[in-house]
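Beneath this line is the structure, given in structure tokens, with notes to follow.
The values are calculated or read from the model by the stated rules, or taken from the named source; none is laboratory data. Computed from a predicted structure; not experimentally measured. Note: accessible area is taken over every heavy atom of the protein model, side chains too, but ligands, DNA and RNA are not part of it. Shrake-Rupley method; radii C 1.70, N 1.55, O 1.52, S 1.80 Å.
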Amino acid sequence: MLRGGYPVRTRDKARDFKCGCIVEIDRAPYFVKTETLTPAS
């Protein structure tokens, strides 16, 4: 879940970039840093 937002699902494995670890999700903005996500449970 994005902080203060709707639940999301990951679409692919997370990848490392110079700016941080990024994962694709099913809602806009579609690519987010893994540190911005929180567990649903």
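Taking only protein heavy atoms into account and a 1.4 Å probe, give the accessible area per residue of the chain in Å².
That works out to 86 Å² for each residue.
Could you give me D for the chain, from Stokes-Einstein at 4 °C and 1.567 mPa s, where the hydrodynamic radius is the Kirkwood radius over C-alpha pairs? Units µm² s⁻¹, please.
125 µm²/s
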